[in-house]
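Here is the structure we will look at.
The values are calculated or read from the model by the stated rules, or taken from the named source; none is laboratory data. Fair warning: this is a prediction, and the values are worked out from it, not measured in the lab. Cβ atoms come from the backbone with ideal geometry, glycine included; neighbour counts cover every protein chain shown. Heads up: the accessible areas ignore ligands, DNA and RNA and are worked out on the full protein's heavy atoms, side chains in. Shrake-Rupley method; radii C 1.70, N 1.55, O 1.52, S 1.80 Å.
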Amino acid sequence: MITLQNESTRLELLPELGGGIASWVALNSGQPLLQSPVDNKHTPYSWGKLACFPLVPWSNRIGQGGYETAQGWLHLSCFQEDEPYPIHGTAWHQPWEVAARSAQEALLRLVSQTPYAYRAEQRIILAGDSLVVELSVEHLDQHPAWYGLGLHPFFPRWENTRLQACAEAVWFEENQRLPRVERAIEGDWRFADGNALPKALIDHAFSGWDGSFLISQPDAGYQLECSATNARFFVLYTPPGKDFFCFEPVSHPINAHHLEGRPGLRLLQRNQKLDMRMVMKYRAL
């Protein structure tokens with residue numbers, strides 16, 4: 001465990017567990033700003049069960065167990081027991097190394113050969129009242145490959161939690177949780193005005209996003225003013241009856257490798273890079 005701390009917040013990192021953030025807490029109140037989806041008093045942290053982890057070299061699910069490339073079919077393994085699809089890339093279940101660190105900043109690095117050769121870096125910074133996460137990837141393989149990026153934070157969910165995020169459309173699946181159709185946003189799935197989260201499940205990608213979002217937590221006395229760059233989409237996950245939800249800034253929709261035009265994905269040649277940045281500013285109410 002690596003701890004970063006300044007006058008406002010404290011953050012714990014587990015580099016060897018997928019380069020993930022274990023917790024982020026406000027010092028003045030002790031309230032969690034990010035939280036793991038497991039009760040770590042009784043259950044240990046595990047792959048993907050962290051407060052935030054990186055999505056490299058793609059986000060969310062890919063259907064058919066892989067996708068077609070110029071070199072033929074690329075088979076992808078499933079690493080999550082309860083998930084029938086390859087999901088969230090390959091960086092989240094590999095150990096990252098600590099390349100540099102200080103009291104308020106850490107640089108994590110991963111050199112991977114799966115599913116092709118790439119180098120990923122995360123720079124995690126406590127800057128005043130803000131948490132900054134900078135994620136980048138460099139393609140190292142001799143053959144070009146498709147890339148996407150994302151971050152997967154878990155936020156506490158209380159009775160009066162509110163989300164504000166402006167998007168234009170949402171992707172709906174035809175079957176088996178893989179989207180095919182983009183439709184206008186309706187009803188309580190519209191969060192432009194800072195709405196409460198619905199009690200029903202949402203596990204969908206939203207498009208036409210402006211990159212900003214606001215999470216209000218009046219029950220805990222704070223809000224998070226957030227933004228992301230190079231992320232035109234977000235995935236919202238609201239599991240019913242749970243004390244958390246996920247708002248994931250991503251560069252492409254779910255199953256983009258099988259959608260027409262592969263929206264949001266980038267075909268990188270050797271030594272080309274892709275990056276994104278998320279900033280979350282803590283403000284006490």
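Being assigned to a loop (DSSP other than H, G, I, E, B), surrounded by fewer than 21 Cβ atoms within 10 Å (Cβ to Cβ) and either touching a Phe, Trp or Tyr at 6+ places or on another chain (Cβ under 9 Å) or modelled with pLDDT of 95 or more (or both) is a description that applies to Pro37. Look at (1) buried (at least 17 other Cβ atoms within 10 Å of the Cβ); (2) part of a strand (DSSP E or B) and you find that Ala167 fails only one, number (2). Scan region 216-230 for residues that are touching a Phe, Trp or Tyr at 6+ places or on another chain (Cβ under 7 Å), aliphatic (A, V, I, L, M) and open to solvent by 10 Å² or more (accessible area, probe 1.4 Å) and the total you get is 1.
Gln64 meets each of the listed conditions (1) on the phi > 0 side of the Ramachandran plot; (2) open to solvent by less than 60 Å² (accessible area, probe 1.4 Å); (3) not aliphatic (A, V, I, L, M) apart from (2).
Would you confirm whether or not region 18-25 contains a residue that is under 22 Å from Arg101 (Cβ atoms) and assigned to a loop (DSSP other than H, G, I, E, B)? Yes, there is a match, as at least one residue in region 18-25 is under 22 Å from Arg101 (Cβ atoms) and assigned to a loop (DSSP other than H, G, I, E, B). From the list Ala256, Ala184, the lone residue that is hydrophobic (A, V, I, L, M, F, W, C) and open to solvent by 30 Å² or more (accessible area, probe 1.4 Å) is Ala184. Scanning region 52-72 for residues that are outside any strand (DSSP E or B) and not aliphatic (A, V, I, L, M), we see that the one that is farthest from Val133 (Cα to Cα) is Gln71. The number of residues in region 211-233 that are over 27 Å from Pro253 (Cβ atoms) and of a type in the set (Phe, Trp, Tyr) comes to 1.
Strands (runs of 3 or more DSSP E) fully within region 73-156 that include at least 1 residues being touching a Cys at 6+ places or on another chain (Cβ under 6 Å) and open to solvent by 10 Å² or more (accessible area, probe 1.4 Å): 150-156.
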